[in-house]
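Structure record follows, encoded as structure tokens.
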Amino acid sequence: MGKLQRMAKVPENWLLVAAFAFVIAGSSITQDASFWILIAFVTFIGVFGRKAWAAIKKGLDGRRDKIQGELDEAQRLREEAQGVLAEYERKRREAEDEARQMIEQAKLDAERHANDAKRALEETMRRREEAAMQRIQQAETDALREVRETAASLAVAATAELIRENLDESRADAMIENSIQELSEKLH
């Protein structure tokens with residue numbers, strides 16, 4: 001009974017049974033060639049249709065698996081590309097931050113250097129001014145000394161000339177002595 005049940009589950013067997021039933025019945029339909037072509041076609045489809053369907057299904061399943069694999073690979077590549085993009089974006093932001101810090105540091109350095117240069121220039125100008133003031137004071141001192149020396153020389157010469165013209169010898173000697181003493185007191 002188990003073998004008969006298994007045979008009953010196979011559709012090709014039913015087609016063969018139906019074909020034999022028509023042949024045995026001897027119907028007038030069985031005399032027509034188109035009927036036999038139909039029976040042969042149905043039998044062919046019944047016998048080989050399962051195998052053809054299995055091959056077609058296997059091909060479609062293979063194609064589906066291949067397409068699914070390609071989709072999975074594309075998804076993996078997309079996620080990888082997004083990860084790489086995120087990494088490059090992070091690196092770009094870090095580079096921008098670093099550049100911004102470098103610019104700020106350069107501005108601070110430039111400002112510090114400018115302030116240092118300004119202080120150095122002010123110090124140099126102050127020292128030059130002091131040196132110029134010292135030279136001016138020295139020149140004034142030298143000029144005053146020369147004027148005094150020249151005035152003293154002229155006064156002595158003029159006094160000597162006046163004395164020679166107007167004084168006698170004894171009085172002249174006394175005046176010269178007084179003048180020399182006064183002059184030496186004033187000069188020292």
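Taken together, the values in this text are just the output of simple stated rules run on the coordinates, not laboratory data. Keep in mind it's a predicted model, so treat the numbers as computed, not measured. Backbone-built Cβ (ideal geometry, glycine too); neighbour counts: all protein chains shown.
Find the percent of Cα-Cα distances in the range 68-188 that exceed 23 Å, and round it to a whole number.
Details: 5234 of 7260 pairs.
I get 72 percent for the Cα pairs in the range 68-188 exceeding 23 Å.
State to the nearest 20 debye the size of the charge dipole of the range 46-188 about its Cα centre, where the only charges are +1 on K and R beta carbons and -1 on D and E beta carbons. Could you put the intermediate results ahead of the total?
Numbers: 27 positive and 33 negative charges, 606 e Å.
For this selection, approximately 2920 debye.
Please work out the FRET efficiency for the pair ALA139 and THR159, using the Cβ-Cβ distance as r and a Förster radius of 30 Å; give the result to the nearest 0.05.
Once rounded, the FRET efficiency stands at 0.55.
Using a Förster radius of 41 Å, what is the FRET efficiency between LYS57 and LYS91 based on their Cβ-Cβ separation? Nearest 0.05, please. Working shown, then result.
Details: r = 50 Å, r/R0 = 1.22.
Efficiency, from the Cβ-Cβ distance: 0.25.
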